[in-house]
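Take a look at the structure below.
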Amino acid sequence: EDQVTQSPEALRLQEGESSSLNCSYTVSGLRGLFWYRQDPGKGPEFLFTLYSAGEEKEKERLKATLTKKESFLHITAPKPEDSATYLCAVQPQGSGGYQKVTFGTGTKLQVIP
Amino acid sequence: GAGVSQSPSNKVTEKGKDVELRCDPISGHTALYWYRQSLGQGLEFLIYFQGNSAPDKSGLPSDRFSAERTGGSVSTLTIQRTQQEDSAVYLCASSLHFGRVQNEQYFGPGTRLTVT
């Protein structure tokens, strides 16, 4: 069974204090790993898809990286508007049909001004 | 353009009643997904529709849950004889198409269901 574990569960940063969120996964062959941002009372918002170890993607203050066992979401000089829950999800390889995406429980990030 | 919309945004119902939740996916998206999100839990997959193919219902927790998608667009999730453990946020998502490479899913705002 595919598993996704995110750490820490919650993270509190001062504005400008860079840090990283971790997503560890076990999957029988990775088709794709996804990062989403979720604000309170809203649905998740897509951020990145990573497909293979060594791949990196950036968007503003966020950079996502991928290894064979985990992914990191690096946040550089965060601002209060970066406060949200960040979700990681994986989709396994497979032939035919829908290969279910498994979500982690998320890291709740709070950035203090 | 318009995103995924869901209605109602909030629903309070009495135990034992039936409820219907609606999802309007992004126009042109052929894949549609329903998830359930409980407090402190990850997103729980419920059901997946792709085009005219038979839906993947393997995530539905019991036979009280059913879903349909009419005309390849709007979808309705029905929960019969609601129980308190059904209380959660029900999220709908759509994606452009299902292929060898999973396309990102775009989520609606969710319906918060409370069963009293």
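Among the residues of the stretch A:13-26, is there at least one that is facing chain B (nearest Cβ under 10 Å) and over 13 Å from the mean Cα position of the chain (by Cα)? Can you show your working first?
Of all residues in the stretch A:13-26, those facing chain B (nearest Cβ under 10 Å) come to none.
No.
Checked against (1) assigned to a loop (DSSP other than H, G, I, E, B); (2) open to solvent by 30 Å² or more (accessible area, probe 1.4 Å), A:Phe46 passes all but a single condition, namely (1). Given the condition within 8 Å of chain A (Cβ to nearest Cβ), within 21 Å of A:Asp2 (Cα to Cα), in contact (Cβ under 8 Å) with a residue 12 or more places away in the chain and open to solvent by less than 60 Å² (accessible area, probe 1.4 Å), answer yes or no: does some residue in the stretch B:46-62 qualify? Among the residues of the stretch B:46-62, at least one is within 8 Å of chain A (Cβ to nearest Cβ), within 21 Å of A:Asp2 (Cα to Cα), in contact (Cβ under 8 Å) with a residue 12 or more places away in the chain and open to solvent by less than 60 Å² (accessible area, probe 1.4 Å), which makes the answer yes.
Here A:Pro44 meets each of (1) modelled with pLDDT of 95 or more; (2) away from every other protein chain (no Cβ under 14 Å) with one exception, condition (2). With a requirement of 1 or more residues that are among the acidic types (Asp, Glu) and within 17 Å of A:Gly32 (Cβ to Cβ), the strands (runs of 3 or more DSSP E) lying completely within the stretch A:56-113 that satisfy it span A:56-59, A:70-75. Just checking, which of A:Pro92, A:Pro78 is of a type outside the set (Phe, Trp, Tyr), more than 14 Å from chain B (Cβ to nearest Cβ) and touching an Asp or Glu at 6+ places or on another chain (Cβ under 9 Å)? Going through A:Pro92, A:Pro78 in turn, the sole match is A:Pro78. Determine if the stretch B:13-22 includes at least one residue that is part of a strand (DSSP E or B) and either open to solvent by 40 Å² or more (accessible area, probe 1.4 Å) or out of contact with any strand residue (DSSP E or B) (no Cβ under 9 Å at 6 or more places or on another chain) (or both). Within the stretch B:13-22 (the criterion being part of a strand (DSSP E or B) and either open to solvent by 40 Å² or more (accessible area, probe 1.4 Å) or out of contact with any strand residue (DSSP E or B) (no Cβ under 9 Å at 6 or more places or on another chain) (or both)), the answer is yes, since at least one residue qualifies. Of the residues examined, A:Val111 is one that is touching a Pro at 6+ places or on another chain (Cβ under 8 Å) and crowded, with 16+ Cβ neighbours inside 10 Å. Report yes if some residue within the stretch A:50-71 is more than 11 Å from chain B (Cβ to nearest Cβ), in contact (Cβ under 8 Å) with a residue 40 or more places away in the chain and over 16 Å from the mean Cα position of the chain (by Cα); otherwise report no. Checked the stretch A:50-71: no residue is more than 11 Å from chain B (Cβ to nearest Cβ), in contact (Cβ under 8 Å) with a residue 40 or more places away in the chain and over 16 Å from the mean Cα position of the chain (by Cα).
So, A:Glu9, is that one without any contact (Cβ under 8 Å) to a residue 12 or more places away in the chain and acidic (Asp, Glu) or not? Lay out the reasoning, then the answer.
Details: without any contact (Cβ under 8 Å) to a residue 12 or more places away in the chain: no; acidic (Asp, Glu): yes.
For A:Glu9, the condition - without any contact (Cβ under 8 Å) to a residue 12 or more places away in the chain and acidic (Asp, Glu) - is not met.
The set of residues in the stretch B:39-69 being touching a helix residue (DSSP H, G or I) at 6+ places or on another chain (Cβ under 9 Å) and under 28 Å from A:Pro40 (Cβ atoms) consists of B:Pro61, B:Phe65. Name the single residue that is surrounded by the most Cβ atoms within 10 Å (Cβ to Cβ) among those in the stretch A:72-108 being among the aromatic types (Phe, Trp, Tyr) and touching a residue at least 12 places away in the same chain (Cβ under 8 Å). For the stretch A:72-108, the residue satisfying everything is A:Tyr86.
The values are calculated or read from the model by the stated rules, or taken from the named source; none is laboratory data. Just so it is clear, the structure is predicted and the values come from calculations on it, not from any experiment. When we count neighbours, we look across all protein chains shown, and the Cβ atoms used for this are built from the backbone with ideal geometry, even at glycine. Protein only, heavy atoms only, side chains kept; ligands, DNA and RNA dropped before computing areas. Shrake-Rupley method; radii C 1.70, N 1.55, O 1.52, S 1.80 Å.
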